[in-house]
């Protein structure tokens, strides 16, 4: 009799892959095979390869505007000093932009990385935790190139690592070292890290949660809403293994809950329909909770390229910028140039 490991039974989520806004089908560039990427032991090298490939593709794509707006300039808003307007860029784009200076920090980003035992599951040559850590490292590397401040909270049943959002020499290296922690704990506790950020991040910023979200929805709804009420922009990257989505198992086997150690003999053919029903129902509730709170929820399966995490991040930022422009009214949009 074979033995399989899956995250805790009865707490599964949806197979749907959400991607608000622009379709991932139009994501720029050629992608690195995740299996080949994960064979690289050094986390920083992995992150650098993904970012370099992504930026190369971005510059050759219709999304080149992402790079310009996100890295070198910020759009004009009423009250800004007109001395720093880039008139040459205005002549080419009919939009007003201010030059960014090397000492300017445009964004404060907090990475919340779930390293609970359920993240240790993997039907591939690597597990969800390795994928999530690589995604977090990639985002951190990318934002550091933009001279943005990056922080980290790594957690399982308890908060294990906390790094405040900083932009300074050596900070990214410390963040990558903190990400090397192995999955642990006996449960997934999303409430504490979300509350930690809400209480300590006094300045508004971007919060990115990377987790399989294998926890009751009601346990995180309040904290996600609290973060949004404090003015933070929140993006959730949900990391799932393909086997959790498809439930491809064919033979009866002993399944083990990775967090509690509970074992259960299962005939896949008899439970597959019920599993998928509960999986999808839970994901639907997650999507509704995030939608109500104004949070972008994206799903990444671990066989998908890591470049999609960056594309989702930029897509979310672009959508937020457009929403702000719409709320600002016709006067301010006119000041920023035509779109």
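List every residue pair whose Cβ atoms lie under 6 Å apart, where the two residues are 6 or more positions apart in sequence or sit on different chains, the first residue falls within segment 281-292 and is within 15 Å of residue 215 (Cβ to Cβ), and the second residue, located anywhere, is assigned to a helix (DSSP H, G or I).
289/221
Within the bounds of segment 295-308, is there any residue that is closer than 23 Å to residue 136 by Cα, modelled with pLDDT of 90 or more, in a helix (DSSP H, G or I) and touching a helix residue (DSSP H, G or I) at 6+ places or on another chain (Cβ under 8 Å)?
Among the residues of segment 295-308, at least one is closer than 23 Å to residue 136 by Cα, modelled with pLDDT of 90 or more, in a helix (DSSP H, G or I) and touching a helix residue (DSSP H, G or I) at 6+ places or on another chain (Cβ under 8 Å), which makes the answer yes.
Select from segment 69-83 the residues that are assigned to a helix (DSSP H, G or I) and either surrounded by fewer than 14 Cβ atoms within 10 Å (Cβ to Cβ) or at positive phi (or both) and write down the one among them that is modelled with the lowest pLDDT.
Filtering first and then ranking leaves 72.
Cβ contacts < 8 Å: first residue in contact (Cβ under 8 Å) with a residue 12 or more places away in the chain, restricted to segment 253-278; second residue part of a helix (DSSP H, G or I), any location; separation 6+ or different chain. Result?
Final answer for the pair search is 253/268; 258/117; 258/118; 258/120; 259/117; 259/118.
So which pairs qualify, if the first residue must be in segment 86-115 and at negative phi and surrounded by fewer than 14 Cβ atoms within 10 Å (Cβ to Cβ), the second must be at pLDDT below 80 and not in a loop (DSSP other than H, G, I, E, B), the Cβ gap must be under 7 Å, and the two must be at least 6 apart or on different chains?
From residues that are at negative phi and surrounded by fewer than 14 Cβ atoms within 10 Å (Cβ to Cβ), the pairs are 99/73; 99/84.
Residue by residue through segment 240-256, note down the ones that are surrounded by fewer than 24 Cβ atoms within 10 Å (Cβ to Cβ) and touching a strand residue (DSSP E or B) at 6+ places or on another chain (Cβ under 6 Å).
Residues satisfying the conditions are 242, 253, 254, 255, 256.
Mind checking whether some residue in segment 220-232 is under 22 Å from residue 117 (Cβ atoms) and modelled with pLDDT of 85 or more?
No; the residues of segment 220-232 include none that is under 22 Å from residue 117 (Cβ atoms) and modelled with pLDDT of 85 or more.
Is there a residue in segment 251-258 that is closer than 30 Å to residue 163 by Cβ, within 26 Å of the chain's Cα centre (by Cα) and part of a loop (DSSP other than H, G, I, E, B)?
Yes: segment 251-258 contains one or more residues that are closer than 30 Å to residue 163 by Cβ, within 26 Å of the chain's Cα centre (by Cα) and part of a loop (DSSP other than H, G, I, E, B).
Go through (1) within 30 Å of residue 261 (Cβ to Cβ); (2) at pLDDT below 95; (3) in contact with a strand residue (DSSP E or B) (Cβ under 6 Å, 6 or more places away or on another chain); (4) buried (at least 18 other Cβ atoms within 10 Å of the Cβ) one by one and return the number of the condition residue 136 breaks.
Looking at each condition in turn, residue 136 falls short on (2).
The values are calculated or read from the model by the stated rules, or taken from the named source; none is laboratory data. Note that the structure is predicted; figures quoted are calculated from it, not measured. Note that we place each Cβ from the backbone using ideal geometry, even for glycine, and neighbour counts take in every protein chain shown.
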